[in-house]
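Values in this text are rule-based calculations from the coordinates and carry no lab data. Here the structure is a predicted model, which means the values were calculated and not measured. A quick note on method: Cβ atoms are made from the backbone with ideal geometry, for glycine too, and the neighbour counts reach across all protein chains shown.
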Amino acid sequence: MESIVFGIGITALAGALATVAGAAENVESDIGSQGDPNSQVQLAPQMGYIHRIFNKAVAGEPPAYGLWIALGAGLAWAFMAMQINPILAIVLGSGIAVFVQGVYATTAYLGRTASLAKFGQPVYLDILKSMTTVTMAHAFIAIFATVTLCHLINAALGHPFPLPLLGLVWGIALGAAGSATGNPFYGKERQYQNQKFGAGVPIAASGNIVRYAEAGERNSLDNGWFSAKLGGPASGVCFGLIVFLELWRTVLFEQVGAGWGAIIIGIIIILVFTVIDRYIEVWARKNYGPYSKPVEEASS
Amino acid sequence: MSAVAAKPTAGSAVDMTAMIVGIIILLIVIAATYFVLGYSLAFIALIGIIIGGILIGFGVHFVPVGGAPAAMGQAPGIATGVAMLAAGAGLAGLFGGAWAAQTTDNVLVIVITGAVGGGLMMAITCMFVTFIYVFGMGIPCASGKVAKDPITGDTQPEFKSQGTEGHGLPFVSYVGGVIGGLFGGAGGTLIYLMLLNLYKEELPGMMHALPGQVLPIAVSLAGMFAIGMFLVNAVLAAYNITGTIEGPHDPKFKRFPRAIVASAVASAVCGIVAIMIVAV
């Protein structure tokens, strides 16, 4: 009984850490403009819209976070092997991993922006100085929280994977969940704030991103502030639920029915999310649209 | 050949010569393994790895991925890359499967646990995608490829906003995402389990150590190879899809036979390397 209570406590803590990690990851990627919406940041100067948005997408978020968190976890693991206190080891490992992220962000911004020189896009050094440190700060929170939850899963819950391997697995999952949830909010709602609410961006408007703020030109810190209102927290809750429910079903139900307990609970959770998804979809169809008259004959 | 002369639908054609060459390579690898190692644990591991690879390659085709256009609400699907989203789900499944492998020897339970882990990750992610589209952006779900959702029968074209190919995740895409996660999680876990059993058997003799001493090495090696092979198969399937796919109702889904052959060959070649480090 005591071990189950301990397991649930660790599970809750890991879920909370994952929530923080997911939110920080999405805000970091939006400030750095690393996800799929970056295609528009790259496209804008080619369409004649010069901007002051940061631009560091060289890899997608999942492999990038897989690298940084595996690196942080690997270094933390090495420090722990040197008998350094785990908390200090995780802080040191995450700190070094963040410097790699900083180098990556700097070279990516310089390289990608310089490639747009023929379209008249300047490399803004003040943007480089002020944005890079902010993305690094958010990346540190995401890496530290994820490495810590990996350490809890390994040391307290007894998962067989070593810390660096867990870092790679959950780093890729973090990037996948964060980019899937947060990208549309940044891409549609922020970059195309001048387009109508409640409709997708017409393909003809591609590249015409919003470049001016309340005062002066918009920069990526404004985008971070906007993402922190919904895209970031939603990504956090998404990744937090993934980690929490995956651990919860295993810790509580793995011993039930020779392993079948965790499977049945997992299937029930999937069905619950399916019902919620369908409810939201139907709610949207009743309350929004239709945009045009229903078509009588299928014309696929 | 000029761009004008190139076949516009070359992406969906099945090249029979390439398929036959692929199948021959696959059979050669299987036959060579059988003649060198006989009907051993290594041979069973190779077959398991090939089946796992096929499950991953097939499963990736179900995952609705819209890429960059989806991030602007210009196309349906999830706004990220095919291989990466599938990897995120499959590795979450592998995490669950590896954990189950610690407490039970029942292959079916371990593989299904991994599958459910992948499905769970995709179910939560897809639900949040719909949540953001509907409540964050005020956009309903609409498919660009079919007039009616094959599962719910909901009509789609009138919910497409002007100048877009559709947006969000119609219910069939949601179901496709979960099925993709299930296949990915199962495939990754099967590869891990096959390699783990082989390494646990062979490493103590090779390293002159007790089984308990080599277990962490066996787990780490099997985990690394499983992640690597997962990425190989996910990327191969992503090349087959070429960009974006809405799910099982998308015409691009019919390309999956090519991915199955390619995944089988790639898994066999990668698998033989993973096996040779202990078995030869």
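Applying the criteria of a DSSP loop state and at most 13 other Cβ atoms within 10 Å to the chymotrypsin sites (Phe, Trp or Tyr not before Pro) of segment A:129-218 yields A:197. Note that segment A:123-278 carries a Kirkwood radius of 18.7 Å, evaluated over its alpha carbons pair by pair.
What is the Å³ per residue value for the convex hull set by the Cα atoms of segment B:52-279?
Values: hull volume 24.7 nm³, N = 228.
In segment B:52-279, the Cα hull volume divided by residue count equals 108 Å³.
Take peptides B:196-202, A:50-56, B:183-189 and line them up by average Cβ neighbours within 10 Å, highest first, as a rough protection proxy.
Working: B:196-202: 21.3, A:50-56: 23.9, B:183-189: 33.9.
Put in order of decreasing packing, that is B:183-189, A:50-56, B:196-202.
Each Lys and Arg adds +1 at its Cβ and each Asp and Glu adds -1 at its Cβ; summed about the Cα centre, chain B shows a dipole of about 360 debye. Once the Cα atoms are used to define both axes, helix B:16-37 deviates from the longest principal axis of chain B by about 20 degrees.
Look at A:6, B:43 and count the other Cβ atoms within 10 Å of each Cβ; fewest to most, that gives A:6, B:43. Its Cα centre serving as origin, the protein assembly as shown has a Cβ charge dipole (Lys and Arg +1, Asp and Glu -1) of approximately 920 debye. Remark: chain A is approximated by an ellipsoid whose semi-axes, taken from the C-alpha gyration tensor as √(5λ), come to 36, 29, 13 Å, largest first.
Shielding by partners for peptide A:241-248, expressed as the average number of C-beta atoms from other protein chains within 10 Å of each residue's C-beta, is 5.
Using just its DSSP H runs of length 4 or more, each adding -39500 (n - 2.57), the protein assembly as shown gives a mean residue ellipticity at 222 nm of -23000 deg cm²/dmol after division by all residues. Partner aspartates and glutamates whose Cα lies under 18 Å from the Cα of residue A:293, excluding those fewer than 8 positions away in the same chain, are identified as B:149, B:154, B:158, B:165. Mean Kyte-Doolittle of at least -0.5 plus a Cα span of 15 Å or more along the axis: flag which DSSP H helices in chain A meet both, please. Span-like helices, by this rule, are A:2-31, A:61-81, A:86-114, A:125-151, A:163-184, A:231-253, A:260-287. Shown for A:282, B:111: other C-beta atoms within 10 Å of each C-beta, ranked fewest to most, produce the order A:282, B:111. Reported value for segment B:28-96: 99 Å³ per residue, from the convex hull of its C-alpha atoms. With the highest mean first, a sort of the peptides B:137-143, B:209-215 on other beta-carbon atoms found within 10 angstrom per residue produces B:137-143, B:209-215.
Count the lysine pairs in segment B:52-279 whose Cα atoms sit under 27 Å apart, keeping only pairs 8 or more residues apart in sequence or on different chains. Each step should come with its number before you reach the end.
On the way: B:145/B:160; B:145/B:252; B:145/B:254; B:148/B:160; B:148/B:252; B:148/B:254; B:160/B:252; B:160/B:254.
Lysine pair count for segment B:52-279: 8.
Over chain A, what is the mean sequence separation of C-alpha contacts under 8 Å (at least six apart), divided by residue count, expressed as relative contact order in percent? Relative contact order for chain A comes out at 32 percent. Rg/Rh, computed from the Cα trace of segment A:219-300 with Rh as the Kirkwood radius, has the value 1.19.
For segment A:210-219, the Karplus equation 6.51 cos²θ - 1.76 cosθ + 1.60, evaluated at θ = phi - 60°, returns couplings of 6, 10, 10, 9, 4, 9, x, 8, 6, 10 Hz by residue, with Gly and Pro reported as x.
Per residue of B:111-120, how many C-beta atoms from partner chains lie within 10 Å of its own C-beta, taken as a mean?
Taking all residues of B:111-120 together, the mean is 5.
Once R0 is set to 30 Å, what does the formula 1/(1 + (r/R0)^6) return for the Cβ-Cβ distance between residue A:125 and residue A:193, expressed as a FRET efficiency to the nearest 0.05?
Values: r = 27 Å, r/R0 = 0.89.
Taking R0 as 30 Å, the efficiency between residue A:125 and residue A:193 is 0.65.
Residues in segment B:89-98 carry Karplus couplings, in order, of 5, x, 6, 4, x, 4, 4, x, x, 5 Hz; the curve used is 6.51 cos²θ - 1.76 cosθ + 1.60 with θ = phi - 60°, and Gly or Pro positions show x.
Along the axis of the charge dipole computed for chain A (Cβ charges of +1 for Lys and Arg, -1 for Asp and Glu, origin at the Cα centre), the listed residues A:138, A:113, A:237 are led at the positive end by A:113. Shielding of peptide B:144-155 by partners, expressed as the average count of other chain Cβ atoms within 10 Å per residue Cβ, is 2.
Please express the shape of the protein assembly as shown as an equivalent ellipsoid: the semi-axes are the square roots of 5 times the eigenvalues of the C-alpha gyration tensor, given largest first in whole angstrom.
On the way: eigenvalues 276, 168, 114 Å².
For the protein assembly as shown, the semi-axes come out at 37, 29, 24 Å.
Based on DSSP loop calls and a cut-off of at most 16 other Cβ atoms within 10 Å, the longest stretch of chain A free of exposed GluC sites (Glu not before Pro) is what? Looking at chain A, A:1-213 is the longest stretch - no exposed GluC sites (Glu not before Pro) with at most 16 other Cβ atoms within 10 Å.
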